[in-house]
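Take a look at the structure set out below.
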Amino acid sequence: MQYVLSVLLFLSIVGWGPFSFSSIPSNSWIDNETRLIKAHANNIDSTVLKLSLKAYLNAEQRGLDRKALLTVIDYSKPSSEKRLWVIDIKHSNILFNTWVTHGVNSGELNSSLFSNQRNSLKSSLGVFVTDNAYFSDHVGYALRVTGLERGINDNAYNRGVLIHGAWYAGSDVAKRGMLGRSWGCMAVDKKISKPLIDTIKNNTLVVAYYPDRTWLRTSSFLNSLTT
């Protein structure tokens, strides 16, 4: 069985023949992918990564991601740490690992309060899919995201929750002890915001994690797979 799994993974990487993640046992794939990714990013929590990979499999089976890219944000970490990873699923590699802000009303150094409501100035949890990139009058080059979970983040698009660059999300600010805070957007270091946005725009998955009991218990993306 291990030999068959290895062959299937190899064929998916080199692009020989049709391949679907549903053609291998999901738990085996998640465990193997976690091991490979952790070799490139030991600062990502294994539990968070496994949950995010499960969400990715569910989204992939629903046709929500066609680029084999996954962005993970771990809001259980303080903003002084690099807590955003862009993962190339096909090659089990890390494309970006950087700082990301949380909302001004979500907390200070650590975030603990999240919302789906307009004008809350809080971050949203859950599974999102990226939309198009555009130039905003307020924040410059930015990426829209659509929340996929009803009652958890499905107001994100109308709230104007964006991924964008900000001066207060860079390494120099992080070294002072904490990042600045947004109005709920996922702001990243302005120096890498454009290449990051161009990489993940147009239908790739974003998982914003926090150990919220309601979300962990009820999310259809984090529980049993759709097939």
(message) For the range 179-198, check the following and say yes or no: at least one residue is in a helix (DSSP H, G or I), among the β-branched types (Val, Ile, Thr) and surrounded by 21 or more Cβ atoms within 10 Å (Cβ to Cβ).
(response) no
(request) Answer yes or no as to whether VAL206 is part of a helix (DSSP H, G or I), open to solvent by less than 40 Å² (accessible area, probe 1.4 Å) and either in contact with a Phe, Trp or Tyr (Cβ under 9 Å, 6 or more places away or on another chain) or within 15 Å of ASN116 (Cβ to Cβ) (or both). (result) no
(request) Filter the range 138-157 down to the residues that are crowded, with 19+ Cβ neighbours inside 10 Å and among the small types (Gly, Ala, Ser), then identify the one that is nearest to ALA59 (Cα to Cα). (result) GLY147
(request) Mind checking which strands (runs of 3 or more DSSP E) fall wholly inside the range 68-137 and carry at least 3 residues that are of a type in the set (Phe, Trp, Tyr) and either over 12 Å from VAL207 (Cβ atoms) or open to solvent by less than 30 Å² (accessible area, probe 1.4 Å) (or both)? (result) 126-136
(message) Regarding the range 191-203, can at least one residue be identified that is under 13 Å from the mean Cα position of the chain (by Cα), within 19 Å of SER115 (Cα to Cα) and not hydroxyl-bearing (Ser, Thr, Tyr)?
(response) no
(request) Looking only at the range 133-156, count how many residues are over 18 Å from ALA187 (Cβ atoms) and in contact (Cβ under 8 Å) with a residue 24 or more places away in the chain. (result) 6
(request) May I ask you to verify whether LYS38 is at pLDDT 85 or above, under 18 Å from LEU95 (Cβ atoms) and either more than 17 Å from the chain's Cα centre (by Cα) or open to solvent by 50 Å² or more (accessible area, probe 1.4 Å) (or both)? (result) yes
(message) Suppose the filter is within 16 Å of LEU69 (Cβ to Cβ), open to solvent by 50 Å² or more (accessible area, probe 1.4 Å) and of a type outside the set (S, T, N, Q); does PRO211 pass it?
(response) no
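Among the candidates LEU64, LEU113, LEU109, single out the residue that is in contact with a strand residue (DSSP E or B) (Cβ under 7 Å, 6 or more places away or on another chain) and modelled with pLDDT of 95 or more.
Only one candidate passes the filter, namely LEU113.
The values are calculated or read from the model by the stated rules, or taken from the named source; none is laboratory data. Since we're looking at a predicted model, the values are computed, not measured. Backbone-built Cβ (ideal geometry, glycine too); neighbour counts: all protein chains shown. Just so you know, the surface numbers come from the protein's heavy atoms only, side chains and all, with ligands and any DNA or RNA stripped out. Shrake-Rupley method; radii C 1.70, N 1.55, O 1.52, S 1.80 Å.
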